[in-house]
Amino acid sequence: MDRVGIIGVGMTKFGERWKKGLRDLIAEAGLKTIQDANITGDKIDAIYGGSMSAGRFVGQEHIGAVIADSMGLNPIPSSRVEAACASGGLALREAYLSIKGGEYNVVVAGGVEKMTDSCTEEASLTLGGAGDQEWEVFNGATFPGLYALIARRHMHEYGTTEEQMAEVSVKNHANAAKNPLAQFQFEVSREQVMKSPKVADPLKLLDCSPITDGAAATVLASEEVAKEYCDDPVWIDASAQATDSLAVHDRKSITGLNAAKVATEKVFKKSSYDRSEIDLAEVHDCFSIAELCALEDMGFVKKGEAGKAMEEGRFNLNAELPINTSGGLKGCGHPVGATGIKQAIEITKQLRGEAGKRQVDEAEVGLTHNVGGSGATAILHILSGGR
Amino acid sequence: MTHRKALPGIWRRFPERYRLEGNKCKNCGEHFFPPRIICPNCRRDGKLEGHEMSKEGEIYSYTIIRSAPVGFEDQTPYVLAIIELKEGTKVTAQITDVDPEEMEIGMEVEEVLRKISEDGKKGKINYGYKFVPKS
Ligand SMILES: [Zn+2]
């Protein structure tokens, strides 16, 4: 069956973009990606845009129309998709499926979140909506709190330490320092992470991804069109998605995310590559513990051993399996609806050899792992370059 | 606070929040809290019937919330936990009347009815289940 290629990528700088509104961010990322694809608007068949909660962050719904309108692309069909923090990954997947299914040839997959127009308390309430409102949030759960419950249990069952979790943030900040579009372009030490204020024990401020404004977009095309417009398309080799209970407490085990495990099995079943051929990955480190769970869920380390492996530096830039070269959600920032697209952009840039100071040598196959909420949605993609 | 709700949204949850009313599936034997509308194991073959959950359990995991959501500011820091009830069903709730530093996984707790949060000074007061160390 025909492949689907990524022929253009573009993203805004991530951060507190006080001078830019929702539409400015969309247009900025949209123009960059269309320029990168070297394609004209009339060739685009459809748009899929991920946004977790524009309605609560800025009071604007109907984001599909907002995207097409902001980009001057009316009357192209434009749809918003939502899966909390995995909204971007879902937009990529829906765009991929629409081409794979044969309906479209050229589709834009994007994501956006304008979070800093909300005050911090309001933004936290909105993010809480990714968890279970009635049975977690009602009783006083916060988003960091839910991941803290996961972390505490992981520590209990496997002896994972707070220091090992801190190493995730240290690594991701080190990578973000090399990314000109990252929110936090500076390094932090393990001591700084350990001494940062506690948010929800055992998680501290520097274990947590920030509130971020940003947008990111890609142009996908069918194999034939991709080759016409692009000498070196990056191919979407496989895409998979899985679901789990909305509430953490409804899961048999909470030391990993079952949706991510299931999506991993599916994505490798569909892929022409196996786990050992993955050269790098962007994983969903909304909290430091989440990256450790991700590495275990995807089978890159044995269950319970991610903390130790992290401490040994096995996932550093240019180590055996570089993870989150963009800086991850922690360092690059986490505009929730845009994150899944940013992950695909980072892998695309790496596979094209355009990742600058954070370029991974001989990167040929990359993976993205995007999670919604506390793990109720997981979306994985495998991307490959060249051939 | 969750989102401010009109009163029916609060009333309709009294059985669960005040009495821990859940249900169980007679087909597979699993207990659910809150009650499930469809048994996820058996789906249409499931036979759900009401079941008041036991009021005792043990700590499965816990955290200390230091950065509180709106409506919980007066309570910080507070302990939030996942409690495994006798039936094996897990719930998320606050642990109260406890020194946060003494929390540990496996600690035995029992349910109490308490004020959960308030919707501002003029809004309604939300009540529900919390847990305390077993006496
Ligand atoms: Zn059943």
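Readers should treat all values here as calculations from the given coordinates under stated rules, not as data from a laboratory. What you see is a predicted model, and the numbers here were worked out from it, not measured in a lab. Counting neighbours? That spans all protein chains shown, and the Cβs are built from the backbone with ideal geometry, glycine included.
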**Q.** Inter-chain shielding of B:91-103 (mean C-beta neighbours from other protein chains, 10 Å cut-off)
**A.** 3
Q) Sorted by average packing, counted as other Cβ atoms within 10 angstrom per residue and highest first, what order do A:213-222, B:7-16 take? A) A:213-222, B:7-16
Q.
Order A:268-277, A:316-325, A:132-141 from most to least packed using the mean count of other Cβ atoms within 10 Å.
A. A:132-141, A:316-325, A:268-277
Q. Karplus couplings for the stretch A:221-227 from phi (6.51 cos²θ - 1.76 cosθ + 1.60, θ = phi - 60°), rounded to Hz, Gly and Pro as x?
A. 8, 5, 3, 5, 5, 4, 5
Q) Per-residue mean of other chain beta-carbon atoms within 10 angstrom of the beta-carbon, peptide B:8-15? A) 1
Q) Using alpha carbon centroids, what distance separates the stretch A:140-168 and the stretch A:62-88, in Å? A) 35 Å
Q: Ignore the peptide's own chain and count Cβ atoms of other chains within 10 Å of each Cβ in A:143-152; give me the average, rounded.
A: 5
Q. When Lys and Arg each count +1 and Asp and Glu each count -1, what net charge do the other residues less than 11 Å away from A:Lys303, Cβ to Cβ, add up to?
A. -2
Q) Of A:Ala200, A:Ala83, A:Ala27, which is the most mobile in a GNM of chain A whose springs link Cα atoms less than 10 angstrom apart? A) A:Ala200
Q: Could you grab the relative contact order for chain B? Cα pairs under 8 Å, six or more apart, rounded to a whole percent.
A: 21 percent
Q. Summing Lys, Arg as +1 and Asp, Glu as -1, what charge do residues with Cβ under 9 Å from the Cβ of B:Glu49 carry, B:Glu49 excluded?
A. +3
Q) For B:Glu108 and A:Lys269, what is the calculated FRET efficiency with R₀ set at 45 Å and r taken between the beta-carbons, to the nearest 0.05? A) 0.55
Q: Within the stretch A:2-66, list the GluC sites (Glu not before Pro) lying in a DSSP loop whose Cβ has at most 15 other Cβ atoms in a 10 Å radius.
A: A:Glu16, A:Glu61
(Q) Could you tell me how far the Cα centroid of the stretch A:330-368 sits from the Cα centroid of the stretch A:210-259, in Å? (A) 12 Å
Q.
Could you tell me the calculated FRET efficiency between B:Lys86 and A:Asp2, based on Cβ-Cβ distance and R0 = 45 angstrom, to the nearest 0.05?
A. 0.20
Q: Using Cα positions and a limit of under 20 Å, work out the aspartates and glutamates in reach of B:Lys115, with same-chain residues fewer than 8 apart set aside.
A: A:Asp132, A:Glu134, A:Glu136, B:Glu16, B:Glu21, B:Glu56, B:Glu73, B:Asp74, B:Asp97, B:Asp99
(Q) If you average the C-alpha positions of the stretch B:7-21 and of the stretch B:67-100 separately, how far apart do those two centres end up, in angstrom? (A) 18 Å
Q: For the stretch A:9-104, run through the chymotrypsin sites (Phe, Trp or Tyr not before Pro) and keep only the ones in DSSP coil with at most 13 other Cβ atoms within 10 Å of their Cβ.
A: A:Trp18
Q: Please turn the phi angles of the stretch B:122-135 into ³J(HN,Hα) values with the Karplus equation 6.51 cos²θ - 1.76 cosθ + 1.60 (θ = phi - 60°), one per residue in order, whole Hz, x for glycine and proline.
A: 9, x, 6, 9, 9, 10, x, 8, 10, 10, 10, x, 5, 7
**Q.** Counting DSSP beta bridges with both ends in chain A, the antiparallel % (nearest 5)
**A.** 75 percent
